[in-house]
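For reference, the structure is listed below as structure tokens.
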Amino acid sequence: MSAEGETAGPPSDLLRTTFSSELLREKLVPVGQWHPYPRATERDAWLQVPEDIRAAMTARAEAVKGREWPSLLATTALDFKRNGNRSRYESEQFGRRRRLIDLVLGECAQGESRFLDDIANGVWLVCEESFWGAPAHLGAQKAGVGLPDVAEPIVDLFAAETASTMAWIDYLLGDRLKSVSPEIGPRIQREAKRRVLDPALERDDFWWMGLSAKRGHLNNWNPWINSNWLMTNMLLETDAERRQRAVEKSCRSLDIFLSDYSPDGGCEEGPVYWQRSPGSYFDCCRTLASAVNGAANVMTHPFVQRMGQYIADVHIAGNAYVNYGDAHMEDAPTPELVYRYGLAAKMPSLSAFGAFHSAEQGLGAAGRPEVLEKALGGGLPTLARTLPDVLCAREIREAKKTDALGRDAWYPSLHLMTARAREGTTEGFYLAVQAASNGRSHGHNDSGSFIAFHDGEPVFIDVGVEAYTAKTFSPERYTIWTMQSAYHNLPTINGVMQHEGMRYGASEVKYRGGGAASSGMTMNLATAYPAQAGVKRWMREVVLDRRSNMVRLTEDFELAKRGPVALSLMTSRVPSERGRGVFVLHAAKPGGKDVSLKYDGAALGFSMEKIELQDEGMRRSWGTALYRVQLRTLNDVDRARWTMEIAG
């Protein structure tokens, strides 16, 4: 949200009151008559998809046509239980779905039945799988983590996603697949009913629903699963009474999700999960509006608009976002999703932002086959998203395009601020500071940390997250270095780092922003540390000084006893000392500008640690290595006031 002030918070029962039982009884489209997109046989509509995109869709299908399908072995599924690895199985499982989606889109593009046998093979293989979800999520079954108990279907993220994919395949190609075998459509319907439709309707104890008496804090699982459940229900449920009950139950669940959402409209899980938190909430709202033929719609509600605005407010430059928590710096949402959200919410600046980035790196990149190929094959395989993205490509190419480079934003509930030197440009400094609790979903122990860019390039960073393993969401989570405050831009006090949990986080947070001269935050970091750190008070101030073209960091603290302090500063640039009290972060790109940091050389000493990166996702963001600069006290201290200047 903008810097103007507080918000009223999320509305109560928005979907249940908008899509009431009475409205659904009167307006819900009859079974078998929902028609949100053209089927593959509706050739005129598919020929409206730009020719270069249809060519890319066809090429992807041709590339996998006739190839052997990967096997999903029990021993690979057991990786998660045996050694904590979840990537090997998911790579093969998602690979099946990616290939199947490519074949389906190729058939929609071509319309010549050339890929039907391969599609039938893929559908049949997926129907034969014991579990459509991820082995890492099997803790929800009574048998626990290991192999799935087929007698107890559980609904996780990817079971629901797979059900939706299969439902869309039946919708798009059901009539044509009958030429391969009339058993394919009924098999899809039976499997989706057994695995997702029945358990989701009949059980209230899946934690993501928020419907049980012991519900916890909800996150992206809720709208993500609900979005796919709603679509599958609308497409495959043949009993009208059950169909309406499922819609009503999903609306109840989504209303509880919204009641848990940050009151300022910000996504506490960070930008990477925006596409599966507000983004999936949008998918739900879009499905509901379409299911009643537009008789009701909530996308223009002010709170839903604020949820959308967040993704523009945390955009730094290019494909970089304020990536706190479990995220990579360049885990951007698909630009077509941003465009469609903005269009539905009647937010011209948001739709223009989506169109701008679609022209650079999405389906709006006309005449650039390598970009279109990447756009069609990137991210998790999700036909429910790719389908509307492809079908809006022609209009997004003609839409107004403007980058999102707002000057200031402030999220008072998340204690998140962003500021840049001047609106509309990446030149100069960009600063983001967050002081949320260390107990937020997908959060790290990083309350009070900051991110700084200069001329659109990273200076001080949030390093992100390594590939998920069993340890990531276990009691050992905070033994992982990327989760620890010592690897964020924060102090380690008396050898003690910040602590995890809702009760640990910065306090006395004050935002001073929106002015031409400066924007910044002050906070007390003491409350983010456990008692053994011995911190009485640690007032941190971080300010973007626009007039002096610098970021100023002030640490003013008092400890219960004398001890050592080390201030960590994470960077992807190569640092070097330039005399006492100054170090330089060298530009990573030719023609870029170096950035320097001045500090009190009489009190602090410079040290540098190179961190070799092995994780593929982190290497994609940062290259082969990162650096941790530490400014360490030369002598034990019990109080001090330091001011540091970061200048270009």
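Annotations
- Under 13 Å, Cβ to Cβ, from Arg397 - net charge with Lys/Arg +1 and Asp/Glu -1: -3
- Available extension along the chain between Thr624 and Arg422 is 69.5 nm, counting 0.36 nm per residue and deducting the alpha carbon span.
- Considering the chain, its Cα convex hull presents a mean projected area of 28.0 nm².
- Net charge of neighbours whose Cβ lies under 15 Å from the Cβ of Ala588, counting Lys and Arg as +1 and Asp and Glu as -1: +2
- Gyration tensor verdict on region 408-647 (Cα atoms; rounded if a/c is under 1.5, prolate if a/b is larger than b/c, oblate otherwise): rounded
- Only lysine pairs 8 or more places apart or on separate chains count here, and in region 408-647 those with Cα atoms under 29 Å apart total 11.
- Greater than 22 Å apart at Cα, pairs in Lys249/Lys346; Lys346/Lys401; Lys193/Lys249: Lys249/Lys346
- If you take the Cα centroid of region 327-394 and the Cα centroid of region 16-82, the two points sit 17 Å apart.
- Take the Cα of Ser548, step 7 Å toward its Cβ, do the same at Glu398, and the gap between the two points is 5.3 nm.
- Spatial separation of Cα centroids for region 228-269 and region 519-580, in angstrom: 43 Å
- Gyration tensor (Cα) of region 35-203, equivalent ellipsoid semi-axes in angstrom: 30, 18, 13
- Packing, as the average of other Cβ atoms within 10 Å across residues, places the peptides 465-472, 380-387 in the order 380-387, 465-472, highest first.
Each value in this text was obtained by applying a stated rule to the coordinates, not by laboratory testing. Since this is a predicted model, take the numbers as computed values, not measurements. Using ideal geometry, Cβ is built from the backbone for each residue, glycine included, and neighbour counts are taken over all protein chains shown.
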